[in-house]
Amino acid sequence: MKPSLNGIQKTSPVFLWISALSVPAIRRALGKTLKLIFINFFGLQFQTVLKPSIRPVVNVDHPLDKSIPFVPGWVGLYNTFTVFWMKSAGWLYREFGNEALDDIGKFVHEIGLLYEYAGRVYSKCQSTTNRPGVIADFNFIVIHLFDPHLHCVPSLHVMVCAYTSFMTDSLIEKYADDPSRYQAERDWVFKNSIEIIESVLLVKQHSVNCIPAGYFMNTALFPGFREKWAERSIAEMFKDDPKGLDRSDEVMDYIKKLYDSFLEKLDSGRDEAEILLEFLAEYAGTDEVEIGR
């Protein structure tokens, strides 16, 4: 017998768009977010494709990446990260209505801000990995067609999924009369975000360097993210199911240590984009990366 679906799983991502037709706050937020995605994800990457000399591109592969198997079967989940945040935002509006409208509009707008803040790094230095070529799978064909694979550090997959889980749980806490009624949604949104983040390694779209960079950016941007989400998720990744990783403990130890090293610099008062640009410069052993705000 299949387990019953929770409220977020049952919500179509289309619901958010239908709501936008009659709710100006959601419509405005979606418009701003789509603009920021277009500029900072597609715009910057294809700018480099057309003019490769415009900014440096650093390969961020790590020796540990060779220990991670390529498992094409995870690409379906990997591709759901956009649907994930739309379903979550739509469910929040359906469940809590106009009482939560300001926060839901903020949720949607901040998805776009993730792209804008990541764009502060991408606009000065982009990053890539050695990913497998297109295989006989439509999902990979679409990925290679629309993603030139130049935005690895920080990973937007990680930033968006982590933010979606963190904010969905936070808004349940804020607006539910009895948050325990929504334990199924809270458990699922956390587990689903973790599995999508794990999938970025399994489909070879990211390196072990990209995950802590994504967590770090969210930590810098959202109060409480570090304590309520990042530390918990790092402890849970690959814990119950290593998914074919022979050295999962080493992978997670590296991710935690790199995340902590970023935090030490942030806690000293430095700018988050500057910290990641410095990491890219040091990783590449180059002085071509522009450091600064």
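The single residue among D102, D65, D61 that is of a type outside the set (F, W, Y), in contact with a Ser or Thr (Cβ under 9 Å, 6 or more places away or on another chain) and assigned to a helix (DSSP H, G or I) turns out to be D65.
Annotation for region 286-293: at least one member residue is open to solvent by less than 70 Å² (accessible area, probe 1.4 Å), without any contact (Cβ under 8 Å) to a residue 40 or more places away in the chain and either assigned to a helix (DSSP H, G or I) or farther than 15 Å from I197 by Cα (or both). Candidates are the residues of region 66-84 that are more than 19 Å from the chain's Cα centre (by Cα) and closer than 21 Å to V153 by Cβ; the one that is most open to solvent (accessible area, probe 1.4 Å) is K66. For S207, the conditions (1) crowded, with 17+ Cβ neighbours inside 10 Å; (2) outside any loop (DSSP other than H, G, I, E, B) all hold with the exception of (2). No other residue among G43, G73, G119 is in a helix (DSSP H, G or I), closer than 25 Å to P148 by Cα, of a type in the set (G, A, S) and touching a residue at least 60 places away in the same chain (Cβ under 8 Å) apart from G119.
Within region 176-190, can you find the residues that are without any contact (Cβ under 8 Å) to a residue 60 or more places away in the chain and either within 18 Å of L156 (Cα to Cα) or touching a Phe, Trp or Tyr at 6+ places or on another chain (Cβ under 8 Å) (or both)? Residue satisfying the conditions is F190 alone. With respect to the conditions (1) part of a helix (DSSP H, G or I); (2) under 21 Å from S248 (Cβ atoms), Q183 falls short on a single one, namely (2). In region 129-139, is there at least one residue being assigned to a loop (DSSP other than H, G, I, E, B), of a type in the set (D, E) and more than 15 Å from the chain's Cα centre (by Cα)? Yes, that holds for at least one residue. Residue-level check: of (1) part of a helix (DSSP H, G or I); (2) open to solvent by 40 Å² or more (accessible area, probe 1.4 Å); (3) farther than 20 Å from F81 by Cβ, H144 misses just (3).
Restricting attention to region 238-293, the residues that are in contact with a helix residue (DSSP H, G or I) (Cβ under 7 Å, 6 or more places away or on another chain), more than 28 Å from V203 (Cβ to Cβ) and not charged (D, E, K, R) total 3.
Here's the yes/no breakdown for (1) under 19 Å from the mean Cα position of the chain (by Cα); (2) surrounded by 15 or more Cβ atoms within 10 Å (Cβ to Cβ):
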position: L5; (1), (2): no, no
position: F15; (1), (2): no, yes
position: S22; (1), (2): no, no
position: F38; (1), (2): yes, no
position: P52; (1), (2): no, no
position: R55; (1), (2): no, yes
position: V58; (1), (2): no, yes
position: L64; (1), (2): no, yes
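Here the condition is being touching a residue at least 24 places away in the same chain (Cβ under 8 Å), open to solvent by less than 40 Å² (accessible area, probe 1.4 Å) and among the basic types (K, R); of K228, K243, K256, it holds for K243 alone.
The set of residues from region 183-193 being touching a helix residue (DSSP H, G or I) at 6+ places or on another chain (Cβ under 7 Å) and surrounded by fewer than 21 Cβ atoms within 10 Å (Cβ to Cβ) comprises R186, W188, F190.
Testing E198 on (1) within 12 Å of the chain's Cα centre (by Cα); (2) farther than 21 Å from H151 by Cβ; (3) among the acidic types (D, E), one condition comes back false. Which one is that? Just one mismatch for E198, condition (2).
The values are calculated or read from the model by the stated rules, or taken from the named source; none is laboratory data. Remember, predicted model here, so these are calculated numbers, not experimental data. Positions of Cβ are generated from backbone atoms using ideal geometry, with glycine treated the same way; all protein chains shown enter the neighbour counts. SASA here: full protein model, heavy atoms, side chains in, ligands and nucleic acids out. Shrake-Rupley method; radii C 1.70, N 1.55, O 1.52, S 1.80 Å.
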